[in-house]
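The values are calculated or read from the model by the stated rules, or taken from the named source; none is laboratory data. For clarity, every value in this text was computed on a predicted model and none was experimentally measured. Heads up, the Cβs are rebuilt from the backbone with ideal geometry, glycines too, and the neighbour counts pull from every protein chain shown. For the accessible areas, the whole protein counts, side chains as well, though only heavy atoms, and no ligand, DNA or RNA atoms are used. Shrake-Rupley method; radii C 1.70, N 1.55, O 1.52, S 1.80 Å.
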Amino acid sequence: MNKKVKLIATFAAIAVLMFTGIAVGLNVTKNIGKKSYEISEDKAMKSLEKKVSDIDVTQVKARKEPIQLDSTSLKDELPEIEKYPLSVENTTDTYIEIFSSTEKSGEGNDGWLNDVAEAFNNSGIKINGKEVSVAVRPVASGMGMDYISSGKYVPDLYSPSNELWGEMLKSNGIEINMEQEKLIENVAGVLLSKKKYDELISKYGSIDMKTITEATANSEISMGYTNPFASATGLNFLISTLLNFDAQDPLSDTAIAGFENFQANVPYVAYTTLQMRESAKSGILDGFIMEYQTYVNSADLRSKYVFTPFGVYHNSPVYSIGRLSDDKKQIAKEFLDFCEKDEYQDLAKKYGFDYPDKYVCELPEISGDTLIQAQSLWKENKDGDKPISAVFVADISGSMNGEPLNELKRSLLNGAQYINSDNSIGLVTYSTGVYVNLPIAKFDVNQRSLFAGAVTDLDASGSTATFDAILVALNMLMEDKKANPETKPMLFVLSDGETNFGNKLNDIQDILQALKVPVYTIGYNANISALDQISAINEAASINADSDDVVYQLKNLFNAQM
């Protein structure tokens, strides 16, 4: 694999799980499991220490295992394409398949391309005497790029939300050709609460991306955005922010210094759009990012927020992949011409794909290489001078025996290569009892080797003391924070969601809420509602990953958060 392919595989391999959480099993809730009051941090610490003292904790001596970096290729990490079924099936043997971003291949107002494709398939269009059709597969922009760049599955056409993904495919050496620059009209934007918008208007006179960037850097806005590896809007926001600091070179020292100052005042980067929206509801954020089509279709958002466009257009360009046969080229042309018909463009406007105000994109052309380097820069600098301290809490109870535990081990071992070395990592496992398999330490070569050995040796048996293990891991994080006050603590709980021993959620939720440590949960063929409740306490993501895609999903989460 050449260097560019490795860069793409490492830095662009994130699927947007946003798009309803149905296809990939993402669920984030806000209020489930929360109490109507919060105890003080001091009281929470005392309660935590008391509860941990009552838990049976066993220290396990870790052994070293050779580290195998890049042990799993992107092609192997990706689930089989059947994981993401067609939203419109071809009706003839002569057809083309299109990967479509999900804001236009979902349901209801998000189903414009599906409606057009079904009409096309019913139109009886023939080429060389044969009736033709199209198939539509809803695949998020970044994930679609991963399938294509890895060669795991290659469609005939690819329509991401914006052109940035196409540029990265080109940099990866993939042969693509833009067949249509704009399929439908859409823009990305920053949503500011009406109160904050009025405050900034009073101070700055007008609102644009420069104003928003400056106000965030000055701590005047509590701003959130989505992961630029996963989200088309997040990637657009990242490159737009960098260009605000240096319009000529988004990777210059000036741009990087400006971004670091900006990022130091960003309290929250969401794993998904859904997670970000839930955090906005909780009052954490004054502003966040979203596509106009989503905004205009939500009465709640329109009533509370003002939309300000930014960055490149989200006009769903269409690319052909590789060298299509003459018949497929003709089908593509017929279909794209069909999409241009007035009745279907009017339908797009009805579904919200029609930004009503004048907007001119002032960004320069951006190469795929620049975007890949910008993603890498973001991963290295998103936490500023506050490295992460994390404990992985792994379920090794009897219900995890067999394939669930094998997948947990495989995904942890593979995902570890995406954790930055300046972060600190520990490992706790649990069944009836709780085991400290690896104390928290910098994730250098030695700690990576110990982590690999500890994970490799895991076996499953016994009952399930999930909340006991969370308490033990949380106490480890708090002890580490005493020694390293600048670290950002977080927990990752990997489980099938069942708990039948020890403390319950009600016993620990006030402690978690007071200490404000996010708990990311990853389910393995899980009772996802139980895991949702844990993650919901501090607005973290909860992912339900079955055996088909758990390696890919966990790698993505580590790449974004670690």
request  = Provide the net charge surrounding Y95, with neighbours chosen by a C-beta distance below 11 Å and charges set as Lys +1, Arg +1, Asp -1, Glu -1.
outcome  = -4
task = Please calculate how many Å² of accessible area segment 390-509 carries per residue, with a 1.4 Å probe and no DNA, RNA or ligand atoms counted.
result = 32
inquiry  = Give me the 1.4 Å probe accessible area per residue for segment 289-359, excluding ligands and nucleic acids, in Å².
reply    = 48
query = Which percent of the accessible area of segment 291-356 is formed by carbon and sulfur heavy atoms (probe 1.4 angstrom)?
reply = 44
inquiry  = Taking amide H atoms as placed 1.01 Å from N in the peptide plane, list the residues 5 or more away in sequence, or in a different chain, whose amide H sits under 5 Å from that of F310.
reply    = A188, G189, V190
key: Accessible-area composition of segment 437-540, carbon plus sulfur, in percent [1.4 Å probe]   = 50
task = Please work out how much length the chain gains when fully extended from D249 to N177, using 0.36 nm per residue of separation minus the C-alpha to C-alpha distance, in nm with one decimal.
result = 23.3 nm
Mean Cα-pair separation over length for segment 158-260, i.e. relative contact order, pairs under 8 Å, 6 or more apart, % = 17
query = In segment 139-228, carbon and sulfur make up what percent of the accessible area (probe 1.4 Å)?
reply = 41
note = In the neighbourhood of F245 defined by beta carbon distances under 13 Å, the net charge of the other residues (Lys, Arg +1; Asp, Glu -1) is -4
remark   = Neighbours of T370 by Cβ distance under 10 Å: Lys/Arg at +1, Asp/Glu at -1, summed charge -4
request  = For segment 174-213, state the semi-axes of the equivalent ellipsoid (square roots of 5 times the eigenvalues of the alpha-carbon gyration tensor), sorted largest first and rounded to whole angstrom.
outcome  = 35, 11, 8
query = By a straight-distance test (C-alpha under 20 Å), which aspartates and glutamates pair with K64 as possible cross-link partners, with residues fewer than eight away in the same chain excluded?
reply = D422, D444, D457, D459
key: Violating pairs (Cα-Cα greater than 23 angstrom) within the set K43/K386; K83/K488; K130/K170; K182/K358; K83/K379; K46/K516   = K43/K386; K83/K488; K130/K170; K83/K379
request  = Find how much the distance from D357 to K195 grows on full extension, using 0.36 nm per residue of separation minus their present alpha carbon separation; answer in nm with one decimal.
outcome  = 56.2 nm
